[in-house]
Amino acid sequence: DQQVKQNSPSLSVQEGRISILNCDYTNSMFDYFLWYKKYPAEGPTFLISISSIKDKNEDGRFTVFLNKSAKHLSLHIVPSQPGDSAVYFCAARYNFNKFYFGSGTKLNVKP
Amino acid sequence: KAGVTQTPRYLIKTRGQQVTLSCSPISGHRSVSWYQQTPGQGLQFLFEYFSETQRNKGNFPGRFSGRQFSNSRSEMNVSTLELGDSALYLCASSSGQGGPAYEQYFGPGTRLTVT
């Protein structure tokens with residue numbers, strides 16, 4: 001039962017350009033959405049979140065957009081840097097502290 | 001502030017055996033969640049413990065169990081190991097109180113290989 005889906009397993013972007021990572025969900029009861037970044041041999045690290053009552057949240061180079069009618073969220077990274085190369089997971093929170101994660105998108109930022 | 005620690009980092013077990021993994025959360029955090037990460041499946045939620053009580057549970061068989069101690073440290077146990085249990089097991093700690101800027105802090109994981 002995949003309630004959160006990341007349909008692109010990988011994305012390659014040139015340094016300085018925009019990276020757009022996408023995520024779809026099915027459960028309208030999710031109250032928070034989060035993005036995590038994961039490097040090999042490390043646990044995921046929190047990047048940015050958005051409440052279900054908002055449609056945009058920005059933090060430096062990272063912006064998350066939420067489209068509730070389409071049940072879709074996206075993470076924009078502008079400008080992309082080689083150090084952003086990692087696996088990005090989107091996650092959705094349900095029932096106070098239960099999280100559903102997508103399968104991840106591997107971002108490669110080329111110098 | 002020390003991060004989330006997990007022990008052991010790597011483990012090799014044989015089918016049919018059982019295994020116990022340990023997680024020490026960030027000091028002051030009362031919630032510990034466990035996840036299984038396999039290629040192509042992402043992170044799958046196992047369960048969450050808050051103040052020594054299981055508060056949330058994922059869709060895993062009863063072979064997967066856990067507990068939390070009074071100091072918030074948590075253990076996860078898998079009995080009668082199967083080949084499909086080979087995965088990276090991650091634990092995450094948080095205050096558990098929710099709120100507008102919610103986030104979890106993950107440990108580095110325990111890589112379990114079942115042969």
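The values are calculated or read from the model by the stated rules, or taken from the named source; none is laboratory data. All values reported here derive from a predicted model rather than from experimental measurement. Glycine gets a Cβ as well: all are built from the backbone with ideal geometry, and neighbour counts include every protein chain shown. Just the protein is used for accessible areas: all its heavy atoms, side chains included, with ligands, DNA and RNA removed. Shrake-Rupley method; radii C 1.70, N 1.55, O 1.52, S 1.80 Å.
Is segment A:30-39 home to any residue that is within 14 Å of another protein chain (Cβ to nearest Cβ), open to solvent by 50 Å² or more (accessible area, probe 1.4 Å), in contact (Cβ under 8 Å) with a residue 40 or more places away in the chain and of a type in the set (Lys, Arg)?
no
Considering B:Thr7, B:Thr38, B:Thr14, B:Thr53, which residue is within 29 Å of A:Pro9 (Cβ to Cβ) and β-branched (Val, Ile, Thr)?
Criteria check complete, one pass: B:Thr38.
If I ask for residues that are outside any strand (DSSP E or B), under 15 Å from the mean Cα position of the chain (by Cα), under 29 Å from B:Gln6 (Cα atoms) and not aromatic (Phe, Trp, Tyr), which ones from segment A:32-64 would you list?
Correct list: A:Pro44 only.
Under 7 Å between Cβ atoms, at least 6 apart or on separate chains: pull out the pairs that start in segment A:85-102 with a residue that is facing chain B (nearest Cβ under 7 Å) and end on any residue that is among the β-branched types (Val, Ile, Thr).
Listed pairs, sorted by first residue: A:Tyr100/A:Val4; A:Phe101/A:Val4; A:Gly102/A:Val4.
Give me the pairs, please: first residue somewhere in segment B:43-64 and of a type in the set (Phe, Trp, Tyr), second residue anywhere and assigned to a loop (DSSP other than H, G, I, E, B), beta-carbon distance under 8 Å, and either six or more positions apart or on two chains.
Within 8 Å, the pairs are B:Phe45/B:Gly58; B:Phe47/B:Gly58; B:Phe47/B:Phe60; B:Phe50/A:Asn97; B:Phe50/B:Arg30; B:Phe50/B:Gly96.
Being open to solvent by 10 Å² or more (accessible area, probe 1.4 Å), among the hydrophobic types (A, V, I, L, M, F, W, C) and under 11 Å from the mean Cα position of the chain (by Cα) is the filter here, so list the residues in segment A:73-100 that pass it.
A:Val87
Please specify each residue of segment A:1-29 satisfying the condition of being assigned to a loop (DSSP other than H, G, I, E, B) and either acidic (Asp, Glu) or open to solvent by 70 Å² or more (accessible area, probe 1.4 Å) (or both).
If the condition is that a residue be assigned to a loop (DSSP other than H, G, I, E, B) and either acidic (Asp, Glu) or open to solvent by 70 Å² or more (accessible area, probe 1.4 Å) (or both), then A:Asp1, A:Asn7, A:Pro9, A:Glu15, A:Arg17, A:Ile18, A:Thr26, A:Ser28, A:Met29 are the ones that fit.
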